[in-house]
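The values are calculated or read from the model by the stated rules, or taken from the named source; none is laboratory data. The structure displayed is predicted, hence computed values, not measured ones. Cβ atoms come from the backbone with ideal geometry, glycine included; neighbour counts cover every protein chain shown. For the accessible areas, the whole protein counts, side chains as well, though only heavy atoms, and no ligand, DNA or RNA atoms are used. Shrake-Rupley method; radii C 1.70, N 1.55, O 1.52, S 1.80 Å.
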Amino acid sequence: MVENPSPATGLRLALRLYKLVLAGWLVTLAAFVPAHAVVAAATASVRANLPAAPAAGDEALIFVERLAPVSAPLALAVLSGCLALAAWSVLWHAGTVRWWLSAGAVRVRLAEIIGHGVVWWWRYARLGLVVFGAAAALLAAIWLPVLRLLRTASDATAVLVLSAGVVLSFAAALLCWTAGLRGAWLLGESGRRSALVAWLRGLGATLRRPLRSLLPLPVWALPGAALLLLPLLVEGAAAVFALLAAPLASSFCCVALYLSYAPQEPPEEWVRKMQARAAARAARPRLPQDPYKTGRIPTKPPDSN
């Protein structure tokens with residue numbers, strides 16, 4: 001059980017896995033190349049004819065008008081980019097867990113992490129589906145009564161109900177995500193294959209120690225999300241630099257966040273514990289089986305001897 005997530009451990013391991021950080025950065029840039037190509041092709045003529053100093057809001061309005069006819073291919077390109085990032089996220093999550101719990105070798109090979117991720121990809125994809133399903137169920141349980149109350153509530157009451165719904169939704173999403181981060185490392189235990197059980201154990205660990213479980217989020221998640229907004233706040237040549245540097249820094253924060261939930265003890269000791277648990281499960285005495293009990297339709301009576 002991963003009892004004490006540590007942002008310092010995430011920083012130390014993310015520095016070791018700098019190749020994974022670079023790979024995540026390149027995948028993030030490549031995932032949205034189709035969307036960028038659609039936008040560039042649709043607005044090329046507009047950019048060439050814009051004045052040197054357009055009025056405030058005119059440039060955005062013109063671009064929106066030019067993008068309206070290509071909204072379908074643009075949406076498809078953005079969706080494909082998001083799916084590619086989701087598949088990559090599952091891949092490196094699974095590969096990192098397998099690498100750290102198996103040996104945690106000093107020399108990190110990106111091909112080894114990717115290979116482990118390919119083998120365990122579906123197991124961790126199931127965990128992602130569990131997290132998504134749990135979050136959707138909690139959000140539905142929150143917003144169904146909220147929407148019902150909004151129909152009959154006064155203006156002042158409606159603001160309070162709506163605010164409560166937003167706060168509870170944020171807390172539910174945060175809880176499901178943190179339980180998924182903790183459950184991902186539990187899913188790497190020897191002999192464990194159930195993504196639902198791993199997530200439930202991660203949920204229990206999160207509820208037992210909420211402050212320790214949530215500590216890596218403000219340290220790594222908030223800066224990682226803020227860095228993605230940086231290119232929207234700068235202009236000129238600095239915007240091009242921010243467009244390349246911000247995803248790289250955000251990729252580092254993402255890797256450090258995930259590795260903050262890694263086991264604090266040496267991997268060899270963790271592996272020995274997991275092997276001992278698997279051996280204990282295999283050594284449990286089994287109940288004697290009834291030779292006359294079968295799931296098949298008998299074709300002849302059993303021997304009387």
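Structure notes:
- Filter pass, Pro218 being open to solvent by less than 60 Å² (accessible area, probe 1.4 Å), modelled with pLDDT of 90 or more and either farther than 25 Å from Arg126 by Cα or more than 16 Å from the chain's Cα centre (by Cα) (or both): no
- Residue in region 144-162 that is assigned to a helix (DSSP H, G or I) and under 25 Å from Ser6 (Cβ atoms) present: no
- Among residues that are assigned to a helix (DSSP H, G or I), over 26 Å from the mean Cα position of the chain (by Cα), more than 27 Å from Leu196 (Cβ to Cβ) and at pLDDT 90 or above, Leu67 is not included.
- Each residue in region 189-237 was checked for being among the basic types (Lys, Arg) and more than 25 Å from Gly133 (Cα to Cα), and 0 pass.
- Looking across region 89-124, just one residue is small (Gly, Ala, Ser), under 22 Å from Cys253 (Cα atoms), surrounded by 14 or more Cβ atoms within 10 Å (Cβ to Cβ) and over 17 Å from the mean Cα position of the chain (by Cα), and that is Gly104.
- All positions within region 142-168 that are among the small types (Gly, Ala, Ser) and surrounded by 12 or more Cβ atoms within 10 Å (Cβ to Cβ): Ala153, Ala158, Ala164, Gly165
- Residue in region 129-136 that is aromatic (Phe, Trp, Tyr), surrounded by 15 or more Cβ atoms within 10 Å (Cβ to Cβ) and within 22 Å of the chain's Cα centre (by Cα) present: no
- No other residue among Ala42, Ala75, Ala86 is at pLDDT below 90, on the phi < 0 side of the Ramachandran plot and open to solvent by 40 Å² or more (accessible area, probe 1.4 Å) apart from Ala75.
- Residue match in region 179-200 (condition: open to solvent by 30 Å² or more (accessible area, probe 1.4 Å), in a helix (DSSP H, G or I) and closer than 25 Å to Leu11 by Cβ): no
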